[in-house]
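Throughout, read-outs are computed from the coordinates displayed, never taken from laboratory work. Worth saying up front: this structure is predicted, and the values here are computed from it rather than measured. Every residue, glycine among them, receives a Cβ derived from its backbone with ideal geometry; neighbour counts consider all protein chains shown.
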Amino acid sequence: MSKTPAVPTRKRRWRHSQGFFAACLLAPAILVVFGIIIYPIIQTGVYAFTDVRSAMHPKGPFVGFGNFSKAMTSNRFWSSMGRTLYFTIVSTAAELVIGLGIAGLLNAKIRGRWLLRTVVVIPWAIPTIVNGALWKGIFHAQYGSLNALLTQLGILNSYKVWLGTPWGAMNMVIIADVWKTVPLVAFLLLAGLASIPEELYEAAKIDRAGRWKTFWSITVPLMLPAISIVMILRVIEAFKVFDVIYAMTRGGPADGTKTIAYYTYTTAFSDQNYGIGSALAYIIVIVIALLSAIYLRALRRSEMSLI
Amino acid sequence: MKNRTIRAIVAGLTATVMAVAMAACTPKESDDTITLNALFMQQAGYSQEQIDEMLRAYEADNPGIKVKATYVSYEALHDKIVTSAPAGTYDIVLLDVIWPAEFATTNIVIDVTDRYDPAWEQDMLGGAYGTAFYDGKAYGMPWGPSTKFFYYNEEMVNAVGATEADLATWDGVLAVAKKIKEAGLAEYPLAWSWMQAEAVICDYGQLLGAFGGDFTDADGNLAVNNAVGVSTLAWMKQTIDDGLTNPASTTFLEDDVQKALAQGETAFGLNWESTLVDANDPDQSVVAGKIKILPTPAGPTGLRPGINGAMALSIPTNSKNVDAAWDVILYLTGKDNQDKYPTGWPPNWVSSYSDPAVTGQAPELFAAAEIGYADTILRPTVPNYNSASDALQAAIQAALVGSKTPQQALDEAVAAAAQ
Amino acid sequence: MRMRLHTKIGLYLGAIVTGIVMLAPFAWMIIASFQTQAELVARPLRWWPGRFFPDRYVSIFTNPRNDVFREALMNSLIVSVGVVIVAMVVGVLGAYAFARLRFRFRSTILMTFLFTYMLPQIALLIPLYLILANVGLLDNVIGLIIVDCSLVVPFVLWILSNYFLTVPVELEESAWIDGASRLGALIRIVLPSARPGLVTAAMFAFLLAWDEFMYALIFTSSTASKTVPVAVAEFSGRYSTDFGLVAAGGVLAALPPVIIAAFFQRSVASGLVAGAVKA
């Protein structure tokens, strides 16, 4: 800094005060993060090793890894893990593909682009629970608008029970989730798309490169960092899915939409088994921690100025 | 300068936090009116209007007490009681017959055995009296007996030349259902509440009873994977395969069944007492006056127990107004109050059933209740009922949607419940 | 660069289809909320109200039986605004430290904050619940504001750090020369220059708090603190067969965030990018 004098003691004091100042500025944030995130997450760790059965007196005998082994030897745990994986992979893939398409549209020089951008924002802004209630109505077997639309168009002969089978319900939940999340993905990818210099495309045109060739040799490589970051971000979010399932199916039918977060919730609060519930929560935390590590690495590599 | 600014900000933040904390701690009402918070459900049973009316009547008699009612769906009721328990939010909660064991062992509601009048054992119907008991102690006051009855669309039944007498057994019901379907009066004559929820256990239990089975064996362990349990589930699945049961039933709760009846889309459905009034209410029904009630049909054994769906009113452990809450509960469950609203929830009290002033308000319901309350099938009274029920719900559904055989599904449910 | 005709047609077609798919579900919810129950269960379904039927909205706002929903709207507003205020104060101070100051463990702390943002709510639920129970803040809007900060503060901190980096440090330096303290310069120089970033961060804080469901589901139980998402979930449980009423509740719950997001559409885009990738 230009005005800092070169006297060593002054400099040390200034340094010192900068650290002190930083500590003051960060104190509230650190208080928040430790008080309501770090402390609770440690506490959950403690519960995971004890047999807590009632919220009224949250103490229990130490059971070692008993809760973890009980949780992980249950069939319902592994099947909910499997369903979570399916939800995560399918929804993330669908969001990326559709999101990239929409980002392309939003980036194209067409009239009314601002209108399209405004319209695309809407699903993202709808609260998750409202979104779930909305799609539950759309897929309703008797009075839903999807059945009405498809029969009136002559595509269906009779009404289908969209949420009636485990497989079907899971896919319908995915549709609801994708509809709400695609705008987010599209906007994130749009930023990457807009940053690709126009000249590269001009050059490709002069070289008479085809549309596909341009897409694969310019767009995809340049978009790869953005795509991978968005993908990890979506995987992390999808792995935690709860709200939309609570609103649409409550984990049914036949456990078909019971994801790991939902299973954890029912174990803790419907079965009042806080010990196993905490162990399940920790298993989610471990998965998320691994994914986050990948995410943070990817962020670092993408010329982040902060880290 | 710099430090002064920081100090000012710190002071400002501290002041704000303290002001907010104080605002949060200051009691809202300073006069000596006691306000009780009560948690009810809005589903079967008394309607929200009826409960509000009862509470207003109580307040009129007891000027020092106000009761603020909160209504949630049945599906949200259990978790709400559990999550509000440490805070002591509620003074009165509605308790289902399957929860006393769990809530007693986790100390969520208080033991009210000492407040029981010994005469009640004689004065109350058997199906109501035991509702809140676990391990010999009472954890609430029953709010009436309850079971599922058989509702039918009289017009459809008559149109295929059948009568009430044909609906006394499940075989008879299926025979009439086939005719109704063939006549094109209803695409699916039967609708059930088979969603993954407690509702499917109630329907299954009622059928299980009719087929001569029970949930548990002599030792109290879940035993639905025996021959009767499996054939009951196979029977349910068969009605879907035969096109008699609406396949959307696996997404239905009781409300959906009631609506299917009220819309004239289905001929038959099991449901709670209050459906008789609601399905015949011209505001909600296009077939008002045509929905009739019968006791649940009998199975091959001639048995026809109804699932015991009674509920009770309890006081959460952290309530600060136990005596006032108990007074309100006694009023709500008292004969005088209950006799005024027999159509939502029939009264606890034996004497009400021979009082024409009460039965006259819903003669059909009381006629059906005579058989319906005589024999009931009880869901297991165990502390881990919820997790066992959850496993059983998933198993029943797996068989209904055809992803597992009934035997396989029920074996797994029994194994999961034993864990 | 001129587009070929069929490219152009393809683009417009794509834009129209996208627009319809993105609008239609919510549009149907709005329409359904104005249809009578009889129309909603009719087969074939009617897509337009036979007559204008605003009764559900009237009932939500005037019927004493629906005070739950009105109070939930109020609670959501209080909680969201509260969260915005707390998160912005905490976030502005912290973000300035990250963007401008050099200190030990800077990147460790920053990484920790980012990581906490990823943590699943379900893993914090039980201890937070017991903490709130111990301090008597269960079923209380203050309690909800505090726990919602666990979701919002790290995000706001991250976005604002990125925005502050874009404000040239020279502006600040000239203020210091004029005798301003660092904090004075932050308030008088940095904040006004980063105003778009502040608007974006505040908007996101509001939307996140408005959308929050799991904490509200577990930590609230009465009209004292129940928020709109919980009320809508209960609506759809209690009136599972009355989609019109659920739709009316849903529309009311969705309108504030939808209007805000549509109005600040540019901020949404830049904020998302700042939050996830980089400024």
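Take peptide C:137-143, look around each residue's Cβ out to 10 angstrom, count Cβ atoms belonging to other protein chains, and average those counts. Write out the running numbers ahead of the final one.
On the way: counts 3, 7, 7, 3, 2, 6, 2.
So the per-residue partner count for this stretch is 4.
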Practice item. Can you grab the distance from the C-alpha centre of segment C:107-178 to the C-alpha centre of segment C:204-255, Å, no decimals? Key: 24 Å
Revision key, fill the gap. Quick note, the protein assembly as shown: a/c under 1.5 would make it rounded; otherwise a/b > b/c is prolate and the rest oblate (a ≥ b ≥ c, C-alpha gyration tensor); here it is prolate
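Assigning unit charges at the beta carbon (Lys, Arg +1; Asp, Glu -1) and nothing else, what dipole magnitude in debye, to the nearest 20, does segment A:66-301 show about its Cα centre? Don't skip to the end; give the middle numbers.
Details: 21 positive and 10 negative charges, 46 e Å.
Magnitude of the dipole: close to 220 debye.
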Check your understanding: Which angle from 0 to 90°, rounded to the nearest 10, does the C-alpha axis of helix C:141-165 make with the longest principal axis of chain C?
Key -> 50 degrees
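Give, as a single signed number, the net charge of other residues whose beta carbon lies under 12 Å from the beta carbon of A:SER217, with Lys and Arg counted +1 and Asp and Glu -1. If you can, show how the numbers build up before the last one.
Values: positive: A:ARG211, A:LYS213; negative: A:ASP207.
Neighbourhood net charge equals +1.
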Practice item. Would you give the gap between the C-alpha center of segment A:238-284 and the C-alpha center of segment A:18-63, rounded to a whole Å? Key: 22 Å
Review point. Hey, if you put +1 on the Cβ of every Lys and Arg and -1 on every Asp and Glu Cβ in the protein assembly as shown, which of A:GLY252, C:ILE109, A:LEU291 ends up farthest toward the positive end of that dipole?
Key: C:ILE109
Practice item. Determine the sum of side-chain charges near B:ILE110: Lys and Arg each +1, Asp and Glu each -1, restricted to other residues whose C-beta is under 15 angstrom from that of B:ILE110. Key: -4
Check your understanding: Using mean Cβ contacts within 10 Å as the protection proxy, how do B:87-95, C:171-179 order, highest first?
Key -> B:87-95, C:171-179
Exercise for review: Determine the shielding of peptide C:16-25 by partner chains: average, over its residues, the number of Cβ atoms on other chains within 10 angstrom of each Cβ.
Suggested key: 6
Practice item. Would you mind getting me the FRET efficiency between A:LEU290 and B:ASN221? Use the beta-carbon distance for r and R0 = 41 Å, nearest 0.05. Key: 0.50
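For peptide B:190-199, compute the average count of partner chain beta-carbon atoms within 10 Å of each residue's beta-carbon.
3
Of the listed peptides C:33-39, C:151-157, B:157-163, what is their order by residue-averaged count of other C-beta atoms within 10 Å, with the highest listed first? Don't skip to the answer; put the middle values down first.
Numbers: C:33-39: 19.1, C:151-157: 26.9, B:157-163: 15.7.
Ranking the peptides C:33-39, C:151-157, B:157-163 by packing returns C:151-157, C:33-39, B:157-163.
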Exercise for review: Take the alpha carbon atoms of segment B:159-219, find their center, do the same for segment B:351-419, and report the distance between the two centers in whole angstrom.
Suggested key: 13 Å
Practice item. Decide, for segment A:66-301, between rounded, prolate and oblate: order the square roots of the alpha carbon gyration tensor eigenvalues as a ≥ b ≥ c, take rounded if a/c falls under 1.5, and otherwise choose prolate if a/b is larger than b/c, else oblate. Key: oblate
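Going by C-beta contacts inside 10 Å, put B:LYS290, B:LYS178 in order with the fewest on the left.
B:LYS178, B:LYS290
Based solely on its DSSP helices, what 222 nm [θ] is calculated for the protein assembly as shown when runs of n ≥ 4 H residues each add -39,500 (n - 2.57) and the sum is averaged over all residues, nearest 500 deg cm²/dmol? If you can, show how the numbers build up before the last one.
On the way: 46 runs with 601 residues, N = 1005.
Result for the protein assembly as shown, helices only: -19000 deg cm²/dmol.
Please state the relative contact order of segment B:285-419 as a whole percent: Cα pairs under 8 Å, 6+ residues apart?
Details: 90 pairs, mean separation 32.3, N = 135.
About 24 percent, as a whole number.
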Practice item. Quick one: among B:ASP281, B:ASP117, B:ASP323, which has the greatest mean-square fluctuation in a GNM of chain B with alpha-carbon springs under 10 angstrom? Key: B:ASP117
Check your understanding: Relative to the longest principal axis of chain C, what angle (0 to 90°, nearest 10) does the C-alpha long axis of helix C:243-263 take?
Key -> 30 degrees
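Among A:THR118, B:THR251, which comes first, second and so on when ranked by fewest other beta-carbon atoms within 10 Å?
Details: A:THR118 17, B:THR251 27.
Listing A:THR118, B:THR251 from fewest to most nearby Cβ atoms yields A:THR118, B:THR251.
Determine the dipole magnitude for the protein assembly as shown: charges of +1 sit on the beta-carbon of Lys and Arg, -1 on that of Asp and Glu, nothing else is charged, the reference point is the Cα centre, and the result goes in debye to the nearest 20.
Working: 73 positive and 78 negative charges, 1486 e Å.
For the protein assembly as shown, the charge dipole is close to 7140 debye.
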Check your understanding: Where a ≥ b ≥ c are the square roots of the eigenvalues of the C-alpha gyration tensor, would you call chain C rounded, which needs a/c under 1.5, or, failing that, prolate if a/b is larger than b/c, or oblate?
Key -> oblate
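If I require 24 Å or longer along the helix axis, counting alpha carbons, and a Kyte-Doolittle average no lower than 0.5, what helices from chain B are left? Use full DSSP H segments.
Numbers: long enough: B:2-25 (35 Å, 1.06).
Helix filter hits for chain B: B:2-25.
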